[in-house]
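S.K.: Structure provided below as structure tokens; questions to follow.
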Amino acid sequence: MDYETKAHTFFLGMNLMPVKKVEIVGNFSYTLGEGSIEDFHFDSIYPTGDVKLDYNVSILNPNMPYLYDTAYLNGFAEYSNLEFSEIDLMLGVNYSLTNRVGVGLHYYYNDLDDEETYVYGDQSISLQSLMGIMSFKF
Amino acid sequence: MKKGILITTLLACLSLLNVNLVMAGDAKSADKPYEAEINVGGTLADDLDDKEDGAKGVSEYNSIYDKSSSVYLGGKLLYRSNSFDFDANGRFQDSDDQAYGANLSLNRIFIYKTKYNEFLHRTDHDYLRNLQAHIFRADSDGAAGKADPTGLPFACPDPNNTAFCNALPDTDSKTPGWQNARATLGAANVYYTDHNPNANYETSYADWTNKFKLNLPNLPQLKLGFDHRYQRREGCAQSKTMSKCSGCHIESFSKSVDETTNEYSPYVDVQMGPLAVKYTYSYRQFEDDSESMHNTYSNLASAHVAPFTSNLQFDGSEGALPFSRTPDSIKSTHALKTRLDVTKNNIFTTGIVYSKTDNQSTDGSYNPLTGKYDTELQMDSVSVMAKWHTKLNKRLSFTVHGKYQDIDNDELFIDVNDNNYLPSLASGASKVPRSQYYGLEAGYWDWIRKSGYDSEIYSFGADIAYKATHSLHIKGGYDYHLEHRDNYEHHDVPEDTTKHTFKLSGDWHAKRNVKFGLGYKLMLANDAYAVTNAMSPPDGSFGSYACPSVSGTESFDRSYDPNIYSQRTKDRSNQPDLAHEFNLKLNLMPTNTFNTNFYAKYRIAENSEIEGGNWEQNLFNGGVNLVLTPSQKMTFTAGYNYFFDTYDSNYCVAIYDG
């Protein structure tokens, strides 16, 4: 079997001073991640020759006539699947009121989209936050 | 809440925060011995999806995302004078997100540096749902319709076999303790219990370092120092344990975390002409005051299906047993390092390190089931290294290095518990030692556990650097590595692993605005780390495996050998015996305002020595960075990175014979 992991990451950034005393900053990144088990398949090995494992349980589940068969493992590769996308955005502006006093306002947006929610549950989440700050030098 | 309304609200709140105007003062000036900066602000956060707290996603290290607001306080202070230098900085955003630091110098004689950092780490909650990939359904209610892709309803697997079904009296959900039926059924099954399904796990880390240094004015060649590191981890984590044999019952519990590490490292540094000598003694203490976890494991099938002859060391009959513990320990280290500048272009360095680690949680009255061995277990390590670097001329330099390390870990006497054999379910029957039942001497299965850490490691190598031209630099090297494992027979691993690594790289500054770099590394290994006799031949021949003939389903008295263990004749490994690694980097500056950087790494590795099927790896990482600077007041950046990694290996099916 193969286990594959892939990740694409793009990012953009800028730092501008369009007019005196004003600075504009921004960052954006996008990540797409994937992981999975490939080429995973078992043919049935039944009968095992084991009296206990050879119990016929087809009356309970016609798709699984025997108590144990390696073919029953074929479904579990799905639990290895990983697929998510993540966006991180920051936009901010800093303004110098005087040589001593400055203010800044920064906006953050973070989003994670979890397409495969096995094992740790759904990790998807979207957050935004706004940060304001005043600085003074003396 | 709609985004527009939210933003308006955030801005309104922010304007209130900004009223917290700070002190005023002057900017740095030449005649002022001090500078200071104070930052005051706040953050308003919003979880747009109103997700439950457990969805950590991008907030793994974000301590404030589940709080609507937080205050930000920060500042810097710098003071300089002829004899006294001091600077400090601090940042507080949340009780779980703060950092401080300070440096102090008195006449450059006494120097003190300190840093403190505290942050929150949200950790995963494994809901164990992947364990539904088994035969029986796992949920405690056993209800049909549960999202279980492979599970069968939990019921007597052969309703026509009345005797067998009657041996499973607690399959009725109305019977107290019926869930344990799954652990006591003598069939291939696995199930789980998450005792805290709604718990959120997070740990708060606090790191504090202090460095003191004393430069004696009358003895400039002598320096004394003392380093201290403190780390504390507090919070709640998930811990798991498992009952096994007749059924694999995985249980998950919440566990408090309260761990402290303190490390004290005094040192002395002496410079005697061309020779520098530094001796450091380090004393590290780890204490775990976390919650003591205990679990009463599932009972074996012997309680239901006679005469089941279990071979487990413990089950529910042993009562509550400890699990998920990290032992308290003390590590002492002596390190002596020297550097001899024979000439300006000939430098010889040596080092010798001895360390001793004591496990302080094993010295209780002897009881292997509780991890007590009547002694503090100890691990010693000695390593010796040397390196010689010489610059033969302006173009050619040469380095030779070697290292030897010896690790010695205590061995342990394991008193195998053979008192849990129940020969009969007849009324009044009691357990007897298994050795007695089989007519063997007492302690027949006792053994000495020898550590897998016991080893000797040898390595040496040589590197050469050659400046062919002003713009072309070439480097080459060879490294040899040998690891000898003293107790390889006890751990089913190779006795010796040797590795040869060859390196070659070059940097070419083709033009003023073009730089080009290439690198290649080849690794060849003999007997890479592997588990020997780990699997049956991968030719499918074992598919016809059959247990010893048995007369009835109740007879579980059969052995794993020779029908299972002796069939495992092939090795498994995920370590390569051959690896190629290529590196490429290219830097182009088409114009003075546009800079580009390309990079790529490709690694192909395999292990074809192992007979249990080859192991292969293909890894690629590459990308491009672009930087555009139209003017000094304008910078744009862009980039892309692609990562690909694949492993190709045989999957080994576990053979279970309950």
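None of the figures in this text is laboratory data; all of them are computed from the coordinates on show. The model shown is predicted, which means the values in this text are computed figures rather than measured ones. Don't worry about glycine lacking a Cβ; one is built from the backbone with ideal geometry, like all the others, and counts go over all protein chains shown.
S.K.: How much net charge surrounds B:Met589 when only the other residues with a Cβ under 10 Å from the Cβ of B:Met589 are counted, with Lys and Arg +1 and Asp and Glu -1?
M.R.: Taking every Cβ under 10 Å from that of B:Met589, the sum is +3.
S.K.: Let me ask something else. According to a simple spin-label model (label point 7 Å from Cα along Cα-to-Cβ), what is the distance in nm between B:Asn587 and A:His8?
M.R.: Simple spin-label model gives 2.9 nm for this pair.
S.K.: What GluC sites (Glu not before Pro) does segment B:594-658 have in DSSP loop regions with at most 15 other beta carbons within 10 Å?
M.R.: Passing both the DSSP loop test and the Cβ count: B:Glu611.
S.K.: Set the Förster radius R0 to 60 Å, insert the Cβ-Cβ distance between B:Tyr354 and A:Val19 as r into 1/(1 + (r/R0)^6), and round the FRET efficiency to 0.05.
M.R.: Rounded to the nearest 0.05, the efficiency is 0.40.
S.K.: What lysines could a cross-link reach from B:Lys475, if we take a straight Cα to Cα line under 21 Å and drop same-chain neighbours fewer than 8 places away?
M.R.: Excluding near neighbours in sequence, the set is B:Lys387, B:Lys391, B:Lys394, B:Lys467, B:Lys499, B:Lys503, B:Lys511, B:Lys515, B:Lys521, B:Lys585, B:Lys601.
S.K.: Could you work out the pair-distance distribution P(r) of segment B:211-276 from its alpha-carbon pairs, with 10 angstrom bin width and percents rounded to whole numbers?
M.R.: Each 10 Å bin holds this share of Cα pairs: 16, 23, 17, 14, 13, 11, 6, 1.
S.K.: I've got another one for you. Identify the trypsin sites (Lys or Arg not before Pro) of segment B:57-110 meeting these criteria: DSSP loop state and at most 14 other C-beta atoms within 10 Å of the C-beta.
M.R.: B:Lys67, B:Arg108
S.K.: Here's a follow-up. Hey, rough spin-label estimate for B:Met634 and B:Thr370, points 7 angstrom out along Cα→Cβ, what's it come to in nanometres?
M.R.: 7.6
S.K.: Between A:Met1 and B:Tyr565, what's the calculated FRET efficiency when r is the beta-carbon distance and R0 is 25 Å? Round to 0.05.
M.R.: 0.50
S.K.: Next up: Using 7 Å Cα-to-Cβ label points, what is the A:Asn27/B:Asn117 separation (nm, one decimal)?
M.R.: 1.5
S.K.: Using a 10 Å cut-off on Cβ to Cβ distances, tally the other chain neighbours for every residue of B:57-64 and report the average as a whole number.
M.R.: Taking the mean over all residues of the peptide, I get 5.
S.K.: For B:Leu440 and B:Val627 in the same chain, what is the full-extension length gain: residue separation times 0.36 nm, less their Cα-Cα distance, in nm?
M.R.: So the extension gain works out to 59.5 nm.
S.K.: To the nearest 0.05, how large is the calculated FRET efficiency for B:Ile464 and A:Leu82 if R₀ is 56 Å and r is the Cβ-Cβ distance?
M.R.: 0.80
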